[in-house]
1. Distance cut-off 18 Å, Cα to Cα: go down the list B:Lys28/B:Lys80; A:Lys25/A:Lys233; A:Lys25/B:Lys145; B:Lys89/B:Lys197; B:Lys9/B:Lys211 and report the pairs above it.
2. Quick one: in region B:2-253, what % of C-alpha pairs are over 32 Å apart?
3. Angle check, please: helix A:101-110 long axis (alpha carbons) against the longest principal axis of chain A (alpha carbons), in degrees 0 to 90, nearest 10.
4. Could you tell me which residue out of A:Met411, A:Gly272, A:Leu180 lies farthest along the dipole of the protein assembly as shown toward its positive end? Charges go on the beta carbon: Lys and Arg +1, Asp and Glu -1, centred on the Cα centre.
5. Tell me the angle of helix A:326-346 to the major Cα principal axis of chain A, expressed in degrees between 0 and 90 and rounded to the nearest ten.
6. Working out 0.36 nm times the residue gap between A:Met338 and A:Asn61, then minus their Cα-Cα distance, what length gain in nm do you get to one decimal?
7. Would you mind ranking B:His117, B:His235, B:His163 by Cβ crowding within 10 Å, fewest neighbours first?
8. Got the relative contact order for region A:69-180 handy, in percent, Cα pairs under 8 Å and 6 or more residues apart?
Amino acid sequence: MLSLNFTDTKKEESKMSGIKLICGKELDRVFRDRKMIFSVFFLPVIIMVGIMSLVGNLSNNAQKDVEAHTSIVYIQNSPVGFPQFLKAADRDCKIYEMSDWEKATEMIKNGDADLLIKFPENFVDMVSGYKQGDVIPQIKTYYNPSEDYSRAAYDTISTGVLEAYRQSLLSQRVDNMEGLTVFTVNSDNPDMVIQDEEKAGGKILGMMLPYFVTILLFAGAMGIGTDMVAGEKERGTMASLLVSPIKRSSIVLGKVIALMIISGVSSVIYVGALVAFMPQMIGGADLGMNLTLNPKQIAMLAVLLVAIAFLYSAIIVLVSVFARTTKEASSYVMPVYMLILVLGMTTMFTTKTPGEWVYAVPIYNTSLALQGILTQEVTTMQYGVTLGMTLVFGAVLIGVIGKAFESEKVMSI
Amino acid sequence: MIEIKNLTKIYKLNKKQMKESKTTDTLKTAVDNLSLTARPGEIYGLLGPNGAGKTTTLRCISTIIKPTRGEIFVSGHEVKREPEKVREKIGFLTGDIKLDPQFSVDYMFNFFGRLHHIQEDKLAARKEELFTYFGIKDFSHKKIKELSTGMAQKAAIAVCLVHDPEIIIFDEPTNGLDVITARSVTDYLKKLKAEGKLVIISTHVMSEAEKICDRIGVIIDGQKVAEGTLGQILHDTNAEDLEDAFFELYRHQKGGK
């Protein structure tokens, strides 16, 4: 009995050393190669931060450009005093009298004019001579929502300036304006925004992080993972491992753990970069929010990211096992990547509180939990279920990969 | 010792393979009820044309694939029941098996040595011995992808012998090698035999089998059609050399065609 236990211990030690050796070799493949280190860990971050910063800055500049733009407004039947009123409200706008309706609408379509304001012909008389039962004069405005300048002019003038103009004419008709005002909303309430800055920051991160983690974690592991298995089969180097005195399950575990470490390291770098460069990525805008994380959030994120890295690694290795070449593996992995990407994206626009059972759905639950950690809304139960399901699902996939490694047909040997 | 008892290996063919083989059969018998015994201190050669079942037999012995029927014992360990034990005993090399091109010869030698649980000092001594014999020292620091075919093949042979195996299985050992490298390989096989190891090779090169094999098993269409020393085979077929003997056996197997 004693000798049996000794043998079992030796077997376990041998298995562990096999896993360690395979894992070490796969890590060396990446960490001993400077080009690989750069392309796996830093290039995606540089590209991500670069693209997002560019997009953020371009969108910020576009917004500033719209704000600085001098609105071109055409007015038909302009009442006396209205152009001055408009100028007073929007100093930079250029006002023209509209003589040709067709030409003016064409200019709006082409983006040469931003807003058309059409007053009734005898607007002043209709307002000043108004009696109960008369038709209420209507001012019509026309704009092009597909043009940013036109949309901005509509927002400022049609809903802002004209409302002020209405109030001004009304005050001429009614002596006591205050008597007509039942209530105001936030006319003097500078403190109307009440929010937890950490939660608000988390909301933004929570919206973007699951999406980026999915993209970067999966994409980072995808190239290396397909090469680890399908690449080895293609090059004929897998067979040399298969004739070594090592269990095939050890080869599988060694490779998956190595891929997990690589994608785990890359995810830490990616998430760190995402948090550090968030202000640049949203165009340098000051959102008045705290984008930092507390230690509990960091710990929960770290553990979950490791589990996600484990699951994604297992998925990539599983798909690669069934491919004969890296090219074939990449084409198999791509649909899986797209599916995972869509699941990651769904949480970006979720408003309803998901049911508890949703946290048992692998992959989707990780996006929800990541979001929940950042908004500090995830419960211990939800987090535990997500973590457990991710690890269990990953372990099941490892079992399937192990079986596939035993198959002559799958391994193409 | 290797003992093969009634080995049969049947492959399932997919549509593409059926089309390539111009057959409607979904199954292909690669090895058909083959039995043989190879003993320590000899070089046993499996001789046969392409597709005869030589490589399949060697792959079954080395546990890469599993026999459909029959048993194979390698130093007393059955290949299906104790594959890891079998792999400890053998060194297997074929043209299809390559070393990872991203690593150096040194790295791969150490890696496989550690997989075989060889102590570091013994590993260093073994490396010195094999690298010196095959003239690998000068390029051992280079990545496999930077080596010529011959250099890479030498490196692969050294790595496959890292654990000083009892049984050496070489599938087409000199295939693709230049004359000098091929000679050093065959000389090393003889050296291994002299040390009491069992060497089993597959080849379709008659001269190679004549020169280095103590016993030869001729396989045609997955079946062993002759076995013995060169002299016995020549005597049984009434031939002057192995090539003539092989053609005689081939004609007989194919029904005199």
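Read-outs: derived from the displayed coordinates by stated rules, not from any lab. All values reported here derive from a predicted model rather than from experimental measurement. When we count neighbours, we look across all protein chains shown, and the Cβ atoms used for this are built from the backbone with ideal geometry, even at glycine.
1. B:Lys28/B:Lys80; B:Lys9/B:Lys211
2. Everything past 32 Å amounts to 24 percent.
3. For A:101-110 against chain A, the angle is about 20 degrees.
4. The listed residue farthest towards the positive side: A:Met411.
5. Tilt of helix A:326-346: around 40 degrees.
6. On the way: separation 277, 0.36 × 277 = 99.72 nm, distance 3.18 nm.
Extra length from A:Met338 to A:Asn61 when fully extended: 96.5 nm.
7. Going from sparsest to densest Cβ surroundings: B:His235, B:His117, B:His163.
8. Dividing the mean separation by the residue count of region A:69-180 yields 27 percent.
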